[in-house]
1. Quick one: in the range 97-123, which of the residues that are out of contact with any strand residue (DSSP E or B) (no Cβ under 8 Å at 6 or more places or on another chain) and in contact (Cβ under 8 Å) with a residue 60 or more places away in the chain is farthest from G86 (Cα to Cα)?
2. Taking the range 56-83 on its own, how many of its residues are outside any loop (DSSP other than H, G, I, E, B) and touching a strand residue (DSSP E or B) at 6+ places or on another chain (Cβ under 7 Å)?
3. Kindly indicate which of D166, D112 is acidic (D, E) and in contact with a helix residue (DSSP H, G or I) (Cβ under 8 Å, 6 or more places away or on another chain).
4. Filtering the range 16-33 down to residues that are among the polar types (S, T, N, Q), in a loop (DSSP other than H, G, I, E, B) and surrounded by 13 or more Cβ atoms within 10 Å (Cβ to Cβ), which residue is farthest from the chain's Cα centre (by Cα)?
5. Looking at R84, is it charged (D, E, K, R) and closer than 30 Å to P42 by Cα?
6. Of all residues in the range 124-149, which are charged (D, E, K, R) and either without any contact (Cβ under 8 Å) to a residue 40 or more places away in the chain or under 16 Å from S78 (Cα atoms) (or both)?
7. Residues to consider are T60, T8; find the one that is outside the structural domain of G150 (by TED's automatic domain parsing), surrounded by 11 or more Cβ atoms within 10 Å (Cβ to Cβ), of a type outside the set (A, V, I, L, M) and under 21 Å from G150 (Cβ atoms).
8. Taking only pairs six or more apart or across chains, which ones have beta-carbon atoms under 7 Å, a first residue in the range 11-31 that is within 14 Å of G104 (Cα to Cα), and a second residue that is surrounded by 13 or more Cβ atoms within 10 Å (Cβ to Cβ) and of a type in the set (V, I, T)?
Amino acid sequence: MGVCDNLTRNRPDFVFNIAEGSGVTRGRESQVPAVLESLNIPYSGSDPVALAVTLDKWLTHHILSAGNVAVPSLYMFSTEEDLRHGNRIFQEHGEYIVKPRWEGSSKGVFPDSVVSDCKNLAHKVRRIWRRYRQPALVEEFLPGEEITVGLVGNRVPRVIGMMAIDPVAVNGRKLYSIEHKRNWE
């Protein structure tokens, strides 16, 4: 018996959705809300489109850029051929952060994910390919404070709180990595 069968037989009044979905695809976080919408079951959280787009950092970047939001420079590396052209990005900026295209919660961001030369760039990009089996994004590194903002509402969302992230410096650089999230205390 699958999820749809269970939800049809034991129909809930409302679902507090914190599901991640299954698999390693970029749309996995949209699976549960898509099923709930198809069964006309109300739920909390973002809709399937918002979840699918925001998990894919490449799409999010281009949507924001098209809306005239200032975004850092971003490059996608999918093949060894892409790495052959890595030198040209360092002519634009000195440091970049390497991360997976469609992971959330800082997954794939490590204390050594910031690179400033082609050799390290290639090493970190290949690490993403090996571990996550997806394209690596190489984004202009923006040092500074990171802030998480909680929102509630759909049509006119309102801010319900903000939290500044202050990770411990590693090698003189503060970087909010998956290790920082795991060591939350």
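1. S105
2. Number of matching residues: 8.
3. Selected residue: D112, the only one of D166, D112 that is acidic (D, E) and in contact with a helix residue (DSSP H, G or I) (Cβ under 8 Å, 6 or more places away or on another chain).
4. Once the filter is applied, the top-ranked residue is N17.
5. no
6. Within the range 124-149, K124, R126, R127, R130, R131, R133, E139, E145, E146 meet the criteria.
7. T60
8. Short answer, once both residue conditions are applied: A19/V32; G21/V32.
The values are calculated or read from the model by the stated rules, or taken from the named source; none is laboratory data. Computed from a predicted model, the values in this text were never measured in an experiment. We place every Cβ from the backbone using ideal geometry, glycine too, and count neighbours over all the protein chains shown.
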